[in-house]
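Step one of this worksheet: look at the structure below.
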Amino acid sequence: MRPQEAAASWPLTVVAGGLGAVGRMLRRELGDRLSDVVNIDPRQGVDTADITRPGPLEREQLKRAATVILAVPEPVAVEALAALTPMLRADALLVETLSVKSRFADALTRLNPPFEVIGINPMFGPSLRMPGRAVAVIPYSAGERARTLTALLSEQGAHIAEMSPSAHDQATVALQALPHLVMLAYTRTVQRLGIDFDEVLQVAPPPAGALLALTARIASGNPHVYSEIQAANPYAASGRASLADELAHLSETCTDPVALQAVLEEVGAGFEGPCESLLDAADHIVSRPIAGDLSDLG
């Protein structure tokens, strides 16, 4: 599909939460490909600009919209779905951008709206650009408009990975919920060891420096997003329990070279397929002297 054709198929796009980080990112990445974009966001200072209780102006915009993007927290998106189901055009497209899909999927099953619905989850922070990065796509009820939007994402350089809501939420436990906890736990432990944290930063080898840098990025992020990733995902609690069990097991075995070798071999066997590309990525990470960069921050 040529860019002019893609843009022509979007006479009006409404972005709920358009002033938030995800809304701004999507407008930045796709804004010049969408013909007419308006925000519904209480941060505009308009009392009625609430996607769950739209006022007269917002209702008129929503009824005309070819596409509505929900760049809002999960509870808001689920509540908004009930308000939008009788309001949107039958040939419209609803796009949710949630980090957790299961409860929204359940609400869709109950309400069975007549319009197209897809979910997307950019698997990167909103401050980053899209080219070369993964975007998970959940085709709840996808038709021509959904395929056009997916094509727009792909044309912007995104790697599209289609999956079911449950597969998405299981994957994000491994890819988001658990890594966030590991990094926070590691950094909190280091901060409580009673050593000079600035000195630690100055001599940190690449793996430790990378963990500390990534934790600093998390600490500067939106706590509501990180909490939602843990609380709303139905698979996260069992993932956290498994992580706690594995840490307890490793604490018992890590001082025994034979037992640790068995652990390393088991982990290595799981990497058999993508091992070479992961080792190349690791070489890229450790080849950069992180310590100097971190000491500059002090």
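At q = 0.17 Å⁻¹ the log10 of I(q)/I(0) for the range 3-163 amounts to -0.97, computed by Debye summation with a single uniform scatterer per C-alpha, solvent ignored. The equivalent ellipsoid that matches the C-alpha gyration tensor of the chain spans semi-axes of 40, 21, 20 angstrom, in descending order.
Only helical runs count toward this figure. For the chain, summing -39,500 (n - 2.57) over DSSP H runs of n ≥ 4 and dividing by all residues gives -16500 deg cm²/dmol at 222 nm. According to the calculation over all Cα-Cα pairs in the range 97-149, the P(r) per 10 Å bin from zero is 22, 48, 25, 5 %.
Charged side chains reduced to their Cβ positions (Lys and Arg at +1, Asp and Glu at -1) give the range 3-163 a dipole of some 160 debye around its Cα centre. The loop-placed GluC sites (Glu not before Pro) in the range 242-287, going by DSSP, that have at most 15 neighbouring Cβ atoms within 10 Å of their Cβ come out as GLU272. Each of ILE229, ILE138, ILE218, ILE40 was scored by other Cβ atoms within 10 Å of its Cβ. Listed from fewest to most, they are ILE218, ILE229, ILE138, ILE40.
When the chain is described by a simple charge dipole with +1 on each Lys and Arg Cβ and -1 on each Asp and Glu Cβ, the residue from ALA90, PRO126, HIS249 located farthest towards its positive end is ALA90.
Residues of the range 180-203 with an amide N closer than 13 Å to a point placed 7 Å from the Cα of GLU246 along the Cα-to-Cβ direction: 180-183. The amide H of VAL68, built 1.01 Å from its N in the peptide plane, has VAL14, LEU93, LEU94, VAL95 as neighbours under 5 Å, considering only residues 5 or more places off or on other chains.
Suppose we flag trypsin sites (Lys or Arg not before Pro) only when DSSP calls them loop and at most 13 other Cβ atoms lie within 10 Å. Which is the longest uninterrupted stretch of the chain? Answer from the scan: 1-128. Shape analysis of the range 168-297 yields a ratio of the Cα radius of gyration to the Kirkwood radius, Rg/Rh, of 0.98. Distances between placed amide hydrogens fall under 5 Å for ALA158 paired with GLY132, all partners being 5 or more residues away or on another chain.
Taking a point 7 Å from the Cα of ARG147 along the Cα-to-Cβ direction, the residues of the range 65-106 with backbone N closer than 17 Å to it are 91-94. Taking 7 Å steps out from each Cα toward its Cβ at THR109 and GLN261 produces label points 4.9 nm apart. Loop-resident chymotrypsin sites (Phe, Trp or Tyr not before Pro) (DSSP state other than H, G, I, E or B) in the range 191-298 with no more than 12 further Cβ atoms inside 10 Å of their Cβ: PHE271. When each of HIS159, HIS180 is scored by the number of other beta-carbon atoms lying within 10 Å, the sequence from fewest to most is HIS159, HIS180. Under 11 Å from the Cβ of ASN39, count the other residues' Cβ atoms, weight Lys and Arg +1, Asp and Glu -1, and hand me the total. Taking every Cβ under 11 Å from that of ASN39, the sum is +1. Kirkwood radius for the range 191-268, taken over all pairs of different Cα atoms as the inverse mean of 1/r, rounds to 15.7 Å.
Each of SER154, SER277 was scored by other Cβ atoms within 10 Å of its Cβ. Arranged with the fewest first, they read SER277, SER154.
For ASN39, the amide hydrogen comes within under 5 Å of the amide hydrogens of VAL15, counting only partners 5 or more places away or on other chains and with H modelled in the peptide plane.
The tail of the calculated P(r) for the range 137-213 beyond 17 Å holds 64 percent of all Cα-Cα pairs.
Where a number appears in this text, it was derived from the coordinates with a stated rule and is not lab data. Values in this document were obtained by computation on a predicted structure and should not be read as measured data. Every residue, glycine among them, receives a Cβ derived from its backbone with ideal geometry; neighbour counts consider all protein chains shown.
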